[in-house]
2 protein chains.
Amino acid sequence: MHGVAALLGNQSQLEFIKSGTSGEVERMRLWSISDGKLFLTEAFNVIMEEILHKGTDSEEKVCEWKDPDQLRALLDLDLREHGESHKQLLQRVRDVARYSVKTCHPRFFNQLFAGVDYHALTGRLLTETLNTSQYTYEVAPVFVLMEEEVLCKLRSLVGWSEGDGIFCPGGSMSNMYAMNVARYWAFPQVKTQGLWATPRMAIFTSQQGHYSMKKAAAFLGIGTDNVFIVQVDESGSMRPEDLEAKIVQAKSQDAVPFFVNATAGTTVQGAFDPLNRIADISERNGMWMHVDAAWGGSVLFSKKHKHLVAGIERANSVTWNPHKMLLAGLQCSVVLFRDTTNLLMHCHSAKATYLFQQDKFYDTSLDTGDKSIQCGRKVDCLKLWLMWKAIGTHGLSERVEKAFALARYLVEEMEKRDNFKLGPFVNVCFWFIPPSLRGKENSADYQESLSKVAPVIKERMMKRGTMMVGYQPMDGHVNFFRMVVVSPQLTTKDMDFFLDEIEDLGKDL
Amino acid sequence: MHGVAALLGNQSQLEFIKSGTSGEVERMRLWSISDGKLFLTEAFNVIMEEILHKGTDSEEKVCEWKDPDQLRALLDLDLREHGESHKQLLQRVRDVARYSVKTCHPRFFNQLFAGVDYHALTGRLLTETLNTSQYTYEVAPVFVLMEEEVLCKLRSLVGWSEGDGIFCPGGSMSNMYAMNVARYWAFPQVKTQGLWATPRMAIFTSQQGHYSMKKAAAFLGIGTDNVFIVQVDESGSMRPEDLEAKIVQAKSQDAVPFFVNATAGTTVQGAFDPLNRIADISERNGMWMHVDAAWGGSVLFSKKHKHLVAGIERANSVTWNPHKMLLAGLQCSVVLFRDTTNLLMHCHSAKATYLFQQDKFYDTSLDTGDKSIQCGRKVDCLKLWLMWKAIGTHGLSERVEKAFALARYLVEEMEKRDNFKLGPFVNVCFWFIPPSLRGKENSADYQESLSKVAPVIKERMMKRGTMMVGYQPMDGHVNFFRMVVVSPQLTTKDMDFFLDEIEDLGKDL
């Protein structure tokens, strides 16, 4: 018997397909296209109702908080031998929706991806249904061309008429790509021989830079000790003098400075590093300059605010997450390169012959998948493209400007109220000062007491379900809240509600 | 003026929100929830019609082939200053669907993720609409618990009653995770000090192992030269004797063998490496054993076929992609660990204080995001969970067995026809022998001529649009086709069509 057939077992399994056995009915249910489409349509209606109708209604809860044990019981997560009925499954869909956080709710201020854009969401449903991989023109003809176009447009906003880039699964991965390409640019032998063939390397990022820099250094085998942390000023912006000092320090330890990460919009404070001054220093030291603009890159759409990233065009690479301020939906992250020598491809390519055949009948330079460290790669360009088509560059610009305007409104309103103390940051970060602590700034345990306020308010908020906002300590500042106001559905009324609600949640503290 | 307000510009932008300006109508359109929902609903109908009705109809084309220049013109990809009308945008949705490859079409045999499961697709639409990140219980309560449950179930199929794991964006990333965790297990100082603090390391994988091993070695700073390639036998299965020889060779070069990758279901041939013999060798040499079961892992569902991965429970880690044989949809990939010492967390954690606060009011061990090298992480567990709930372990088992049965049918039919020559592989890989080459096996240019047959047939197939199947050369075998028959909608009629169509496409060659 032939090798294949032998492996498949001796007893013919064809009956399984051809004959009508007692299990046939069940199989029919499983494999019926019309039943499948019916279920999908009904489930879509549930999704619309539970998430997009109720979930965007400010009278409804942002979350239906349950303790883990309660939630486990409610969801009945166990996976069993036999399947469930159509009706039971629809209830599953309803339950998942019900107990999940509504990140599209106008009172979800907790994460940088808050809000919903319906055109982007349409692009995402289309992407899921088409279910292809962004690696060859053969299986993703539309998306290969679309990714090229979107990357080109984003690069032109950065200020580059040519260059390269790729969509990655999130900003941390985009930052890792930049670091790896920079390393290959500095020491090309690393691809084949590894780090044992190179000198020790040094990376620079500010103390407010995203933690993905450390994750990248560890993952890439460079090590977190070789990430030199540069000090920031009071607003959270990198101090260029300290960058120079840290470069000297690295050199004194025989580490070669090759990569500086400047941040455009730090995660918590929203600070922008001084890009032109960092570019000067990078150039003088022959270093690759990366800008992590995951959060702040979208200011490039706004004539009014793009001065915040002046000098970004001098970078070698830029990370930018349109799933944040622009609301493209998770995940939509790009890393852009100024390079025009195909460095990204040279750095990552492995030339798999089963996928990237060179004797195809079309231009195989369109098979861009070998630029990626992934093999199968999700299509992330369509949601951004469709949203952009829908509201234009102008609409995206307005979205960014509205976010700034709402932040400004909040700041002005907080300044009118005694209960709030703003942090010295660009993002709206603040402390709520409860009645018991007002006027006690000079008492010995003030900071310690204040640090406990945000966690208590957060717990009450989650259990009440009215809204969500995040808190964190940072660099000697005790727990403070950070407000995210990017959703285009927001109005000043939502801002007023937010302030009143915080006061109400903390009135007895 | 306060720092925040200063940065926001001097001119008040609040008019922009509060007042009725000439641009108000446009903004209303952009931000209106009811318009957004209407668009989404109409677009959903287009998606159903164009992709799930037409795209699964075997009378319709798998792809509407267009040359890149033609397609660019048809799609009008350019992104402009102003947005488009509702009607134009619906046409965009229709065009994207029309010119994309229908991977759900019964005649799409081109990739391992061929086919569609409607319950999984429902889970994906639900995931997209909920738009949250799989990092904390706070923003993903349902999915944190669900991931835990699904991983536990998958581990139990591997044979582990405890352990760890995580969903990753694709099999290549899952393999990279395994390699990095193995490296940390062997040399924990690598996380902080990098590879300069370790001896040279050696990785082992077979010549048929996935190319992501080389990509991982390059990305992790180990270098592709330190990937030792182990020979395979005729079926594509790793030769354990050669693994032992390669370990000796690595040691003689002062490289420390720390990681062996065994493959369960190679990408092209579908071969299974002998796991028990590889486990013996790994244990004797104190190496971490990883099994890349991205393709073949799903045989664990089948009592009939799981002998193919006998010994998998002896591995330290396993990659498994339910988006392949099980049809969960791109991307659904896990890496599972036998480890019970929290190695994954220790290896990857960076303890970001803004996200993983320790003073939360719930059990913060549920904030599993720090196990990942990503920050924002897409929810990939729901689609698998919902599909599993729908058809049960039993239904998934049937799906796997049906794929094997169809492969067996194809093999038997090919053996009946003179025009096909099977490769010695587990996957159905074959050459089509066109009329002009029949009986000429001994002529000098036979192999060269045969190598040109598949690309020509593929080009004709794409332009005709009737079906899609991939081809590739491998290890001295000239271009051959590889059939993927995992879609649950397939019948033996589709197999017969496939064979007839190949013969028709190549009848004049």
Subset of the range B:386-424 [more than 7 Å from chain A (Cβ to nearest Cβ) and outside any helix (DSSP H, G or I)]: B:417, B:418, B:419, B:420, B:421, B:423
In the range A:69-89, residue nearest to residue A:403 (Cα to Cα) [restricted to those that are surrounded by fewer than 15 Cβ atoms within 10 Å (Cβ to Cβ) and in contact with a Gly (Cβ under 9 Å, 6 or more places away or on another chain)]: A:80
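Table: residues versus (1) more than 27 Å from the chain's Cα centre (by Cα); (2) under 30 Å from residue A:386 (Cβ atoms); (3) modelled with pLDDT under 95.
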site	(1), (2), (3)
A:18	yes, no, yes
A:22	yes, no, yes
A:44	no, yes, no
A:50	no, yes, no
A:68	no, no, no
A:91	yes, no, no
A:94	no, yes, no
A:115	no, yes, yes
Members of the range A:467-488 found to be in contact with a helix residue (DSSP H, G or I) (Cβ under 6 Å, 6 or more places away or on another chain) and open to solvent by 20 Å² or more (accessible area, probe 1.4 Å), listed by number: A:478
Cβ-Cβ under 7 Å pairs, at least 6 apart or on other chains, the range A:473-497 side assigned to a helix (DSSP H, G or I), far side open to solvent by less than 10 Å² (accessible area, probe 1.4 Å): A:495/A:406; A:495/A:410
Among the candidates B:123, B:165, residue that is closer than 30 Å to residue A:84 by Cβ, in contact with a Leu (Cβ under 6 Å, 6 or more places away or on another chain) and not in a helix (DSSP H, G or I): B:165
Among (1) facing chain A (nearest Cβ under 8 Å); (2) of a type in the set (D, E, K, R); (3) open to solvent by 30 Å² or more (accessible area, probe 1.4 Å), the one test that residue B:244 misses: (1)
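From the list A:206, A:174, A:237, which residue is surrounded by fewer than 24 Cβ atoms within 10 Å (Cβ to Cβ), more than 8 Å from chain B (Cβ to nearest Cβ), within 30 Å of residue A:323 (Cα to Cα) and among the polar types (S, T, N, Q)? Spell out the reasoning first.
Values: A:206 fails: surrounded by fewer than 24 Cβ atoms within 10 Å (Cβ to Cβ); A:174 fails: surrounded by fewer than 24 Cβ atoms within 10 Å (Cβ to Cβ).
On inspection, the qualifying residue turns out to be A:237.
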Residue match in the range A:426-433 (condition: under 27 Å from residue A:271 (Cα atoms), touching a Cys at 6+ places or on another chain (Cβ under 9 Å), within 10 Å of chain B (Cβ to nearest Cβ) and hydrophobic (A, V, I, L, M, F, W, C)): no
Unmet criterion (only one of (1) in contact with a helix residue (DSSP H, G or I) (Cβ under 9 Å, 6 or more places away or on another chain); (2) assigned to a helix (DSSP H, G or I)) for residue A:257: (2)
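Please enumerate the residues belonging to the range B:66-87 that are facing chain A (nearest Cβ under 8 Å) and in contact (Cβ under 8 Å) with a residue 40 or more places away in the chain. Walk me through how you get there before you give the answer.
Within the range B:66-87, the subset facing chain A (nearest Cβ under 8 Å) is B:66-68, B:71-72, B:75, B:77-84.
The answer is B:83, and nothing else.
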Top-ranked residue of the range A:30-82 - restricted to ones that are in contact with an Asp or Glu (Cβ under 8 Å, 6 or more places away or on another chain) and not aliphatic (A, V, I, L, M), ranked as nearest to residue B:491 (Cα to Cα): A:36
Single residue of the range A:126-160 satisfying the filter (at the interface with chain B (Cβ under 8 Å from one of its Cβ atoms), more than 29 Å from residue A:37 (Cβ to Cβ) and open to solvent by less than 10 Å² (accessible area, probe 1.4 Å)) that is farthest from the chain's Cα centre (by Cα): A:137
Search result, residues across the range B:381-401 that are open to solvent by less than 10 Å² (accessible area, probe 1.4 Å) and under 11 Å from residue B:301 (Cα atoms): B:392, B:395, B:396, B:399, B:400
Residue B:188 being within 8 Å of another protein chain (Cβ to nearest Cβ) and not charged (D, E, K, R): no
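Please determine, by comparing only the residues of the range B:469-509 that are of a type in the set (S, T, N, Q) and in contact with a Pro (Cβ under 7 Å, 6 or more places away or on another chain), which one is farthest from the other protein chains (Cβ to nearest Cβ).
Residues of the range B:469-509 that are of a type in the set (S, T, N, Q), as a first pass: B:472, B:479, B:487, B:489, B:491-492.
Adding the requirement that they be in contact with a Pro (Cβ under 7 Å, 6 or more places away or on another chain) leaves B:479, B:487, B:489.
Working: B:479: 7, B:487: 9, B:489: 6 Å.
Restricting to residues being of a type in the set (S, T, N, Q) and in contact with a Pro (Cβ under 7 Å, 6 or more places away or on another chain), the top hit is B:487.
Results for (1) touching a residue at least 60 places away in the same chain (Cβ under 8 Å); (2) of a type in the set (D, E, K, R); (3) facing chain A (nearest Cβ under 9 Å); (4) open to solvent by 10 Å² or more (accessible area, probe 1.4 Å), shown as yes or no for each residue.
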position	(1), (2), (3), (4)
B:341	no, no, no, yes
B:361	no, no, yes, yes
B:375	yes, no, yes, yes
B:379	yes, no, yes, no
Some residue of the range A:494-501 being over 28 Å from residue A:115 (Cα atoms) and open to solvent by less than 10 Å² (accessible area, probe 1.4 Å): no
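State which residue is farthest from the other protein chains (Cβ to nearest Cβ) when the search covers only the range B:436-456 and only residues that are assigned to a helix (DSSP H, G or I) and of a type in the set (A, V, I, L, M, F, W, C). Break it down stepwise before answering.
Applying the first criterion (assigned to a helix (DSSP H, G or I)) to the range B:436-456 yields B:436-437, B:446-451, B:453-456.
Now restrict to residues that are of a type in the set (A, V, I, L, M, F, W, C): B:437, B:450, B:453-454, B:456.
Details: B:437: 17, B:450: 13, B:453: 11, B:454: 9, B:456: 8 Å.
By that ranking, first place goes to B:437.
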Top-ranked residue of the range B:90-119 - restricted to ones that are under 27 Å from residue B:481 (Cβ atoms) and among the small types (Gly, Ala, Ser), ranked as surrounded by the most Cβ atoms within 10 Å (Cβ to Cβ): B:115
Hits in the range A:183-229 (condition: under 29 Å from residue A:241 (Cβ atoms), part of a helix (DSSP H, G or I) and in contact with a helix residue (DSSP H, G or I) (Cβ under 9 Å, 6 or more places away or on another chain)): A:183, A:185, A:212, A:213, A:214, A:215, A:216, A:217, A:218, A:224, A:225, A:226
Residue in the range A:402-419 that is of a type in the set (Phe, Trp, Tyr) and open to solvent by less than 10 Å² (accessible area, probe 1.4 Å) present: no
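Just to verify a result, which residue in the range B:302-331, among those that are assigned to a helix (DSSP H, G or I) and within 11 Å of another protein chain (Cβ to nearest Cβ), is most open to solvent (accessible area, probe 1.4 Å)? Step through it out loud before you land on a result.
Looking only at the range B:302-331, we keep the residues that are assigned to a helix (DSSP H, G or I), and these are B:306-309, B:312-314.
Those still in the list that are within 11 Å of another protein chain (Cβ to nearest Cβ) too: B:307-308.
Values: B:307: 105, B:308: 20 Å².
This residue is B:307.
Find the residue count for the range B:339-361, including only residues that are farther than 16 Å from residue A:472 by Cβ and in a loop (DSSP other than H, G, I, E, B). Spell out the reasoning first.
Filtering the range B:339-361 down to residues farther than 16 Å from residue A:472 by Cβ leaves B:339-349.
If we keep only those that are in a loop (DSSP other than H, G, I, E, B) too, we end up with B:339-342, B:349.
Result for the range B:339-361: 5.
The values are calculated or read from the model by the stated rules, or taken from the named source; none is laboratory data. Please read these numbers as outputs of a predicted model, since none were measured by experiment. As a convention, Cβ positions derive from the backbone with ideal geometry for all residues, glycine included, and neighbour counts pool all protein chains shown. With ligands, DNA and RNA removed, areas are computed over all heavy atoms of the protein, side chains included. Shrake-Rupley method; radii C 1.70, N 1.55, O 1.52, S 1.80 Å.
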